[in-house]
Amino acid sequence: MNFSVVLFIDTEPKITGAQRSIYGFPLLERHFRVFASLGASQVTVIDPSDIGERETIFKRFEDIWFQELKKVNWLRVNDPTDSWLTGNDECILLLDGHHLYDERVLKAMINNGPNKKVIDTSSINPCRLLFADLNLLQNLTVNWSDSESLWSAVEGLSERSCSVFDLSIMNPYIVDLRRNISAWWVILDSDKKILTAEMFLIDAAQKGTLDFPAEFIHPPLENRVTKWISKKAVTPNQITTVTVLLAFLGTGLMALGFLASGLMLAFLVGILDGVDGKLARTTVRCTRFGDKYEHILDVVYELTWYWAIGWMLSQNGTLTGPFIFSGTITIFYLLDKMATGIFKSRRGIELFDYAPIDRFFRRIGARRNINVLLLLGGLVIGMTEELFIFVAIWTFFTAIFHWKRSLWLLYKSRLNGKLEMPI
């Protein structure tokens with residue numbers, strides 16, 4: 001849907017980059033990034049910051065976002081409303097610039113069509129988020145003086161002229177994150193609220209239904225690194241590139257017999273692999289390229305680890321047994337991905353997150369982080385080859401489990417003539 005945005009910052013406290021910054025950049029810039037990622041044709045800012053700060057924001061604002069966001073207008077509150085009620089055949093999303101919204105709420109508003117206002121029955125504060133067509137906005141701005149007069153008029157609208165979107169009853173499940181997160185919003189009127197917003201953002205960047213290390217060991221480290229890096233001139237794709245280079249360095253070390261160093265790098269890679277995604281989501285820099293770049297190389301470098309260990313255990317190729325186990329891990333690792341991929345494409349949900357048994361098995365099944373911990377344990381107790389064999393066997397059983405679950409659940413859905421909901 002073709003839409004533009006009007007962002008009101010004409011009420012106190014004024015938003016300034018020096019005073020209000022979330023994960024390393026000004027709140028106003030965050031708004032621009034979010035609107036650009038949602039496909040807004042233009043943004044109009046009512047009562048903008050001073051020229052100096054405006055130039056700072058534009059210097060920091062990456063070219064990729066300007067390619068998406070074609071135009072930014074900067075208007076004063078006493079400019080006529082015709083300046084932002086353009087007369088184009090499009091809808092306008094209006095919001096208070098001091099409010100930060102869960103992106104799912106903005107997407108839902110846009111996807112459900114115009115003439116809807118957001119309410120939150122769980123909060124005493126008004127949400128101040130409206131998606132409207134030009135006819136409704138012209139009626140609302142007849143007595144325009146500032147944004148307060150507009151929001152007062154919005155509160156007085158009947159459901160006949162503007163329907164209500166209740167944020168508190170929004171579906172909390174997020175397929176890509178494999179978890180439930182209630183829709184949220186924050187009024188950013190203090191430094192304490194900034195910390196609250198950052199807490200919401202980092203929590204919303206955390207995937208659910210993970211293996212044991214990724215769920216219980218990595219997150220505190222990932223969150224600290226993400227917070228630190230967000231203040232630097234570092235992009236998520238650069239973190240991914242560093243992660244990949246470290247992963248292949250680990251491959252080389254393992255192949256040369258430096259197994260302890262290689263496995264420690266593999267453990268570090270597991271942490272950094274979570275950092276790039278969190279950095280992308282918290283700083284609104286998710287790209288299709290970054291997603292494909294990461295997930296394709298994940299598969300490649302992980303498999304090279306098992307072949308490098310096989311090479312080391314084979315005494316530089318003189319023994320064939322270790323290669324058999326390397327091949328077993330490779331084949332059933334790929335078959336496992338095929339099973340879960342087919343289920344997701346048919347059902348629109350991860351098999352890992354379908355039922356309690358699937359979530360439990362996700363924690364312990366043969367995955368990169370689990371395998372690295374097993375191999376590190378084997379190294380400590382002097383049973384590297386035995387644990388490598390166990391990883392091969394466990395990868396086999398993991399693939400069999402997921403194939404049985406995938407085929408059975410898909411068969412049940414087809415037999416019943418409908419798709420069952422996850423438990």
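Laboratory data are not the source of any read-out in this text; all were calculated from the coordinates shown. Not measured: the values here are computed from a predicted model. A quick note on method: Cβ atoms are made from the backbone with ideal geometry, for glycine too, and the neighbour counts reach across all protein chains shown.
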Extension gain (nm, one decimal) between SER149 and LYS107, 0.36 nm per residue minus Cα-Cα: 12.5 nm
Which whole-number percent is the relative contact order of the chain (Cα, under 8 Å, 6+ apart)? 13
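Past 25 Å, Cα to Cα: identify those pairs from LYS207/LYS292; LYS107/LYS404; LYS107/LYS292; LYS231/LYS337; LYS71/LYS107; LYS116/LYS193, in the order given. The partial results should precede the final answer.
On the way: LYS207/LYS292 17 Å; LYS107/LYS404 36 Å; LYS107/LYS292 23 Å; LYS231/LYS337 36 Å; LYS71/LYS107 20 Å; LYS116/LYS193 27 Å.
Table pairs above 25 Å Cα-Cα are LYS107/LYS404; LYS231/LYS337; LYS116/LYS193.
Looking at the chain, do any whole DSSP H helices span at least 30 angstrom along their long axis by alpha carbon and average -0.5 or above on Kyte-Doolittle, and which? Kindly include the intermediate steps, with their values, before the conclusion.
Details: long enough: 259-282 (34 Å, 1.14); 288-313 (39 Å, 0.06); 321-347 (39 Å, 0.46); 384-416 (48 Å, 0.49).
Passing helices, by number: 259-282, 288-313, 321-347, 384-416.
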What residue among PRO322, PRO219, PRO356 shows peak mean-square fluctuation when the chain is described by a Gaussian network model with Cα springs under 10 Å? PRO356
Hydrodynamic radius by Kirkwood for the chain, inverse mean 1/r across distinct Cα pairs, in Å, is 24.3
CD proxy, 222 nm, the chain: helix-only mean residue ellipticity via -39,500 (n - 2.57) per DSSP H run with n ≥ 4, per residue, nearest 500, stands at -18000 deg cm²/dmol
When MET170, MET383 are ranked with the fewest other C-beta atoms within 10 Å first, the list becomes MET383, MET170
Taking R0 as 41 Å, what's the FRET efficiency between SER158 and LYS344 from their Cβ-Cβ distance, rounded to 0.05? 0.45
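Using a Förster distance of 30 Å, how high is the FRET efficiency between LEU319 and PHE212, based on the Cβ-Cβ distance and rounded to 0.05?
0.40
Within the chain, what percent of beta bridges assigned by DSSP are antiparallel, to the nearest 5? It would help to have the intermediate numbers written out before the result.
On the way: 13 of 32 bridges.
Once the DSSP bridges in the chain are tallied, antiparallel ones form about 40 percent.
Please give the net charge around LEU167, taking every other residue with its beta carbon less than 9 angstrom from that of LEU167, where Lys and Arg add +1 and Asp and Glu add -1.
-3
Using only the Cα atoms of the stretch 208-416, build the gyration tensor, take square roots of its eigenvalues as a ≥ b ≥ c, and label the shape rounded, prolate or oblate: rounded if a/c is under 1.5, else prolate if a/b is larger than b/c, else oblate. Don't skip to the end; give the middle numbers.
Numbers: a/c = 1.84, a/b = 1.04, b/c = 1.77.
Cα axes put the stretch 208-416 in the oblate bin.
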Arranged from highest to lowest average of other beta-carbon atoms within 10 Å per residue, in what order do the peptides 368-376, 392-400, 226-234, 141-149 appear? 368-376, 392-400, 226-234, 141-149
